[in-house]
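Novice: Provided herewith is a single structure, encoded as structure tokens, for subsequent inquiry.
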Amino acid sequence: MIFSEQVAPTFLDALPAQTDVVIIGGGIIGISTAWFLARSGIRVVVCEKGRISGEQSSRNWGWVRQQGRDPAELPVMMESNRIWQSLDKEIQGETGFVQYGVMYVGESDADAEEHAAWIDLAKQHDLYSEQLTAKQINQMVPGFKGKWSSGVITPSDGRAEPFIVVPAMARACQSYGVKIRENCAVRGLSLSAGKTSGVITESGEIACDTVVCAGGAWSSLFAGAHGVVFPQLSVKSTVARTANAPEFYSGNFASNDIAVRRRQDGGYTIAPAGFNEHPLCFDSVRHLKSFFPVIRQEVLSSRSLGKTRLRLGHGCPGGILPKRSWQLDRVSPFEKERVLNPSATPSTLSRMRKCLAARLPALADVPWIAHWTGMIDVTPDIVPVMDSIESIPGFYMASGFCGHGFGIGPAAGRVMADMIQGNAIGHDLSRFRFSRFGDGSEMMQGPVI
């Protein structure tokens, strides 16, 4: 199930006049933040312009992986993995989480070097990963065709079912008193003496001292209306679901061109690894300076830039020429497009079919039950922002997770909840500070996949 505007809203709590924290966005980051705040006795309202888990949180691959993470992300992701293991019990619901491992395979010497570097990083964190030979790969995933030079697997990694996780967590949040409202766009912040004093929603004003923007691909547009320049672009990722198929491997695996995972419903989720599409819009030019160092790095290293296609068309949050400001008593861009739901590009679907036939003939003729796209919010260095915004006291940002947010979401929520309360975080978050975009820091790209 993919959530869209046509799906009737189910979270329709009445909005209070006042609360402690308002969270903008009902994806896994926003709902996880609400979960940990509420368990600490904090009053929380979650406002979602469309549907809970309506965008990328229900459209991702469903991987819960530590493997291949940016070094700064890895400790947070390891915490998240521990949370996932007990999440069903904690929320008294179902997530579909199982630990069957994540495997990457490669065909070049460069791939083998990356795998060896990952093994070294994993050892530094006492995380067990194993580098694989071509023979081992062929034994573990029979019929996966390639001239493998190396592989790597982290057995403690897993998978969950994206379309059921966040709604289940949201219902658990409600049991702790969290108010959740779909079809309720936050048009803007209320400010008093430069500080956060509440939000203006399409359903009225809510007074509060703390607001968390967890709006995914829409975060830059919202922040920009308040003078906060957040360099963020969106890329379109396409995913397909097969009909029931024989189980030849239970875990998640990916080469440089295709990613596959077994599903709870007996099919497989298929996606083109590393291949995305960027719909050109005004922000493509506006943020070019911020993204240029990474573009140059990609060109010089001949990495994955060639796997990003530039497109004209639907998909940009707010449109190709989005409004930069609006009256808070008028309809905002967030109400005009409740759920980003762009259609798949035919050439991308064809590419996926051809790749599947070449790599996994066993799945080549299995029908696709559905295919869909999601808009991934990307930062120049491919790691998120988890920080307070210095220019607006009481305003926090948890966004830019670059397609990696599903797995890390629970721990990211815990981090944000403790940050808001002034508690010890337990991790070095300097890599995720908002100020890095304007303090002259070199933009070093994290892992793409």
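The values are calculated or read from the model by the stated rules, or taken from the named source; none is laboratory data. All values reported here derive from a predicted model rather than from experimental measurement. Here Cβ is always computed from backbone atoms with ideal geometry, including for glycine, and neighbour counts include all displayed protein chains. We work out accessible area using only protein heavy atoms, side chains counted, and drop any ligands, DNA or RNA first. Shrake-Rupley method; radii C 1.70, N 1.55, O 1.52, S 1.80 Å.
Novice: In the range 152-192, which residues have a backbone nitrogen under 19 Å from the label point lying 7 Å from Glu130's Cα in the Cα-to-Cβ direction?
Specialist: Label zone hits: 152-159.
Novice: Still on this model: I'd like to know how the range 49-199 sits against the 2.2 N^0.38 Å rule of thumb: what's its Cα Rg over that expected value?
Specialist: Rounded to two decimals, the normalised Rg is 1.37.
Novice: How big is the charge dipole of the chain about its Cα centre, in debye rounded to the nearest 20, if each Lys and Arg gets +1 on its Cβ and each Asp and Glu gets -1 on its Cβ?
Specialist: I would put it at about 940 debye.
Novice: Return the ratio Rg/(2.2 N^0.38 Å) for the range 184-246, where Rg is computed over Cα atoms only.
Specialist: Normalised by 2.2 N^0.38 Å, the Cα Rg of the range 184-246 equals 1.64.
Novice: List nothing, just return the count: lysine pairs in the chain, 8 or more apart or interchain, with Cα separation under 18 Å.
Specialist: 10
Novice: Using only Cα atoms, find the angle between the long axis of helix 346-359 and the longest principal axis of the chain, and express it within 0 to 90 degrees, rounded to the nearest 10.
Specialist: 40 degrees
Novice: Which residue, His115, His371, His427, has the most motion in a Gaussian network model of the chain that connects Cα atoms within less than 10 Å?
Specialist: Of the options given, His427 has the highest mean-square fluctuation.
Novice: Now a separate question. Between Gln421 and Tyr176, what is the spin-label point distance in nm, taking each point 7 Å from the Cα along the Cα→C-beta axis?
Specialist: 0.8 nm
Novice: Here is a further query. Under a 10 Å cutoff between Cα atoms, tell me which one of Asp70, Asp377, Asp265 has the largest fluctuation in the Gaussian network model of the chain.
Specialist: Comparing Asp70, Asp377, Asp265 in a Gaussian network model of the chain, the most mobile one is Asp265.
Novice: Here is a further query. Would any residue of the range 383-425 have its amide N under 17 Å from a label point 7 Å out along Cα→Cβ of Lys195? List them or say none.
Specialist: 388-396, 420-422
Novice: Taking only protein heavy atoms into account and a 1.4 Å probe, give the accessible area per residue of the chain in Å².
Specialist: Each residue of the chain exposes 39 Å² on average to a 1.4 Å probe.
Novice: While we're here: If I fit a long axis through the Cα atoms of helix 405-421 and take the longest principal axis of the Cα atoms of the chain, what angle between them do I get, 0 to 90°, rounded to 10?
Specialist: 30 degrees
Novice: Among Lys145, Lys236, Lys49, whose mean-square fluctuation peaks in a Gaussian network model of the chain (Cα, cutoff 10 Å)?
Specialist: Most flexible of the set in this elastic network: Lys145.
Novice: In degrees, nearest 10, range 0 to 90: what is the angle between the Cα axis of helix 162-175 and the longest Cα principal axis of the chain?
Specialist: In the chain, helix 162-175 runs at an angle near 30 degrees to the longest axis.
Novice: Suppose the Debye formula is applied to equal point scatterers at every Cα of the range 130-260; what is log10 I(q)/I(0) at q = 0.12, 0.17, 0.20, 0.21 Å⁻¹?
Specialist: -0.78, -1.05, -1.26, -1.34
Novice: Ignoring any ligand, DNA or RNA, what whole percent of the accessible area of the chain comes from carbon and sulfur when the probe is 1.4 angstrom?
Specialist: The computed percentage sits at 53.
Novice: If you take every DSSP beta bridge fully contained in the chain, what fraction is antiparallel? Give it as a percent rounded to 5.
Specialist: In the chain, DSSP labels about 70 percent of beta bridges as antiparallel.
Novice: Only helical DSSP H runs with n ≥ 4 go in: add -39500 (n - 2.57) per run for the chain, normalise by residue count and round the 222 nm mean residue ellipticity to 500 deg cm²/dmol.
Specialist: After summing the helix terms and dividing by the residues of the chain, the value is -9000 deg cm²/dmol.
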